[in-house]
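What follows draws every value from the coordinates through simple rules; no lab data is involved. As the structure is a computational prediction, the values presented were derived from the model and not from experiment. Glycine also receives a Cβ, built like all others from the backbone with ideal geometry; neighbour counts cover every protein chain displayed.
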Amino acid sequence: MNKEKGTIILYVAILCIILIGCLALTIFVVPSFFQESTRIVVMIIWIALTVIAMPIENDHTRFKGKNEKIKTTLIIVIIYYIIYFLLGLIVGYKKSPYSRSFFAIIKNLFYIVGLIAMQDFVRSKVINNQRKKINYVLFTLIFVLLRLDYTEGLKVMSSGEKIFEYFASVIMPELAKGCVCTYLAISGGTLLVYAYSIPVALYQVLVPIFPDLDWFLTSIFDILISMIIFLYNNYEHTIKTTRLTRREKKKINPIRRIPMIMALLLVVAFIAGFLPAKPIAIMSYSMVPTFSRGAVVISVDMNERDLHKLKIGDILHYKSENGEVIHRIIDIKEGKDGKLLFQTQGDNNNVPDKNLVEEEQVIGCVKMYIPYIGYPSVWFSEKILGVKSFITI
Amino acid sequence: MGTRKDSKTLILLILLLVIVGMAVGYAALSQAIQINGTANITAQWKITFTNIEEGKMVGAETNVEPSYTATTATFDVDLLYPGASAQYLLTVENQGSIDAKLINVDGIDEANAETPTDVKYSIDARSDDSLPSGSKKDYIVTVTWDADATEIPETKTKTATITLNYEQAE
C-alpha cells in the first residue's frame, strides 16, 4: 500500500514538473525558434513516462465486457463523425491546415496521435491504481491542463468576450473529453480510452476537409460526443457488473435519453440563435411599457415576401450602424427602387428614429416577449463581455 | 449475447465500409466541393492579418480608410485616369505554433477577368512562401488602370476577393 502511495506521489510530482515545464516552454520560449525542439522535448518526456508506466499492473476485474465497450465506443465515434462530416453538405467545408504530403502526415501522426496515445496510456495506468474519487478528479484535471494551449490562453485575457470564447470552445470540450477518458480508463483500461481518443485524433490529422461550423457549434458537438459515449459506456458497464431485470435494463438504456438529448440540442440551438426564431435579451428601456430591459423577445426571421406583410404597429428587429435595434413600425414608405422603407420609433421615445430602415437591414419581426428572464444575459453581457448595449435606444 | 456481439461487429464493418465509400466519394468529387478557407481545428493554427496601410499611390485616391479583420482586408480606392495605380501593404502574421507556407493565391485571375478588364489586381505573393510560427510577412496588393486604355469603363467599380491559402509547412 505504501509502495502504491509512493508511486502515485512520484507520478503526481513528475506530471506537475511536466506541466510546469510545458507551461514555461510555451510561454517564455520563442515559439518560432524552439517550436520543433519544444515538441521533441515533450515527446521524449512522454516516451519516458510511458516506459515507466508499462510495468504497472492494473486491476482488470473492473474491465468486465471490455470488448463490448470498445465496439460500442467505436460505433458511436464513427457514426458521430460520419454525421458531423456530412453536416458540411449543409454548412459548407473548410480545408484542413495540416499538410497532405506523406512526410507531414507521418510527422503529424507521430506528434499528435502518438502523443495522445502515450498520454492516454499513462492516464489509464495511473488512474487504475487509484481508489479514491478525489484522485480521479485530480488526474483528470492534470491531463486536461496538459492538453490546453497556454499561448492562446494568455492572448485571450485581453477581453471578457475572448475569455468566454476560450472557456466555451477550448476548456469545456477538453474538460468533457478528459472526464470521459478518465471514466473509460476506469471501466475498460487503455484500449477503451484509445477507442475514443485515437479515432478523434486520426480524424483531425487525416481528414482533408471539415464542416465549416463556428466555434460554438463545434464545442457543442465535442461535448455531445463525450456525453453520448459516457452514457453508453455507463450502460454497458452497469449491465455487465450489476444483476438487473429486463425492465431495469430497459429503464437505464441510453436510447431512452435520446429525446432528452434532442430537446437539449434544440434548446441550445434556439438560445444560440441557429433557428428561424431567436431569443434576444433587451438591454435598454426604449420600448417601455411594451417590454423593458431584462425582457426576452422572440424575433422571427423574415424573407422578402414576409416583409410585404409587415404593417404599422409591428415590432421590427433590424441592423443599424450602432448595433441591433428593436423598435415599432410607425410608417411604411416605398423607395425609388420600389423597395420598402420603414419608419420606426421606440415606444418610450418622443421622436421617430433618425434613419429609415431599408429592407436589407431587417433581421426579423418580434412575435412575443417574456419579461425579466433576460436579466442573466444582460448582466453577463455587460459585466463579463463588456458589451454596453446590444439593442440601442 | 452472441448475436448481440456479432451484430456489433457487423455494424462496425458496415461503418468502416461507409468510411471507405465516403473517401472514394471525396476523391471523385473533391474538385466540385466548395471550400471556404482553412479550418481552425487546432488552437495551434492561427494565421491572421495584422495590418493594412497605403503604399505608393499614382493618380489614386483612397475613398475609405483601409481596414482589416483577422481574415479579411478591405480597401476602397478611386483610380483617376489610365495609368493610375494604388498599392496597399498587407501584413500577415502566423500567431499559431505550426509553421505555415502559402500554397496558392485565389481570386486574382477571376477578378481580372471581370469588367472593367482594364483595371487589374496583382499581389507579390508566391506559392511556397514560408511563414514560420511567430513570424510576419508583408505583401503588396497593387491595383492598376491599364495605361493603354482608351475608353472610360461603364462600370467604374471593381471588387476582388483575394484568398491567401496557407497550410502546414513540412
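Averaged over the residues of A:207-217, the number of partner chain Cβ atoms lying within 10 Å of the residue Cβ comes to 3. Annotation note: GluC sites (Glu not before Pro) in region B:24-83 located in DSSP loop regions with a Cβ neighbour count of at most 14 within 10 Å are absent. Applying the criteria of a DSSP loop state and at most 13 other Cβ atoms within 10 Å to the trypsin sites (Lys or Arg not before Pro) of region B:99-170 yields B:ARG126, B:LYS156. Scanning residues 5 or more positions from B:ILE162 or on other chains, none has an amide H under 5 Å from its amide H, with H placed 1.01 Å from N in the peptide plane.
Report the trypsin sites (Lys or Arg not before Pro) located in region A:192-299 that are in a DSSP loop and have at most 14 other Cβ atoms inside 10 Å of their Cβ, or state none. Sparse-neighbourhood loop trypsin sites (Lys or Arg not before Pro): A:ARG243. Residue by residue along A:190-202, Cβ atoms of other protein chains within 10 Å of the local Cβ number 0 on average. Which net charge results for the neighbourhood of A:TYR285, defined as the other residues with beta-carbon distances under 12 angstrom from its beta-carbon, given Lys and Arg at +1 and Asp and Glu at -1? Here the charged neighbours net out to 0.
Report note on the peptides B:29-37, A:122-130, B:104-112: ranked by the mean count of other C-beta atoms within 10 Å, highest first, their order is A:122-130, B:104-112, B:29-37. Relative to the longest principal axis of the Cα atoms of chain B, the long axis of helix B:2-29 makes an angle of roughly 20 degrees. So what does log10 I(q)/I(0) come out to for the protein assembly as shown at q = 0.07, 0.11 Å⁻¹, using the Debye formula with one equal point on every Cα and no solvent? Each listed q maps to, in turn, -0.57, -1.24.
Over 19 Å between C-alpha atoms is what I'm after, so list which of A:LYS309/A:LYS367; A:LYS132/A:LYS251; A:LYS107/B:LYS101 land there. Beyond 19 Å: A:LYS132/A:LYS251.
Farthest toward the dipole's positive end in the protein assembly as shown, which of A:VAL366, A:GLY323, A:VAL113, given Cβ charges of +1 (Lys, Arg) and -1 (Asp, Glu) about the Cα centre? Of the candidates, A:VAL113 comes out farthest on the positive side.
Based on C-alpha pairs under 8 angstrom that are at least 6 apart in sequence, chain B has a relative contact order of 22 percent. For B:GLU65, neighbours were defined as the other residues whose beta-carbon sits under 13 Å from its Cβ, and their charges (Lys and Arg +1, Asp and Glu -1) total -4. The residues packed around A:GLY114, meaning those with a beta-carbon under 12 Å from its beta-carbon, carry a net charge of +1 if Lys and Arg are +1 and Asp and Glu are -1. Remark: spin-label model distance A:LYS132-A:ARG100 equals 5.3 nm, labels positioned 7 Å along the Cα→Cβ axis.
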